[in-house]
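Colleague: One structure, as structure tokens, below. Some questions next.
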Amino acid sequence: MNRLSHFLRAKTQYNLHSPFAYRLYTEVLFSRCPGRGRSAADVVWRLEEYYGLPHSGNPTLHTPDGVFLVVADTSSTEWDAVVASPDWQVTLDLYRCGVAVSSPRLRKQHFLLR
């Protein structure tokens, strides 16, 4: 998917109907942190900061809210397999990278976000 079609189909925080995804989007992924962008490494850094984890740069993070997996390329077959897998309940496609969450308290949902 090219950038324009992703932008036209993607939602913002105002269209998120999941309280978990809304909180993740507004408080973690797109909070105003100077010097941080939206790459996979930056998303991992933001998650580590939010949950008080040591900065390891590991794309798999174990938190109180569940297991997070950050995939660097959402156009890859790896990302397609993660989205299709029943092991990952919430998947967020951020165009530059993807975030998958595994938690038994969540139901299967996929979001395209700006």
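The values are calculated or read from the model by the stated rules, or taken from the named source; none is laboratory data. Quick caveat: nothing in here was measured; it's all calculated off a predicted structure. Virtual Cβ from ideal backbone geometry, glycine too; neighbours counted across all protein chains shown. Surface areas here come from the heavy atoms of the whole protein model, side chains and all, with no ligands, DNA or RNA. Shrake-Rupley method; radii C 1.70, N 1.55, O 1.52, S 1.80 Å.
Colleague: List the GluC sites (Glu not before Pro) within region 44-114 that fall in a DSSP loop (any state other than H, G, I, E or B) and whose Cβ has at most 16 other Cβ atoms within 10 Å.
Modeller: Of the GluC sites (Glu not before Pro), not one in the loops of region 44-114 has a Cβ with at most 16 other Cβ atoms within 10 Å.
Colleague: If you take the square roots of the eigenvalues of the alpha-carbon gyration tensor of region 29-109 and sort them as a ≥ b ≥ c, do you get rounded (a/c under 1.5), prolate (a/b over b/c) or oblate?
Modeller: Oblate is the answer for region 29-109, as a/c is 1.5 or above yet b/c matches or exceeds a/b.
Colleague: With the full set of protein chains in place, find how many percent of the accessible area of region 47-114 is carbon and sulfur; take the probe as 1.4 Å.
Modeller: Its accessible area is 53 percent carbon and sulfur atoms.
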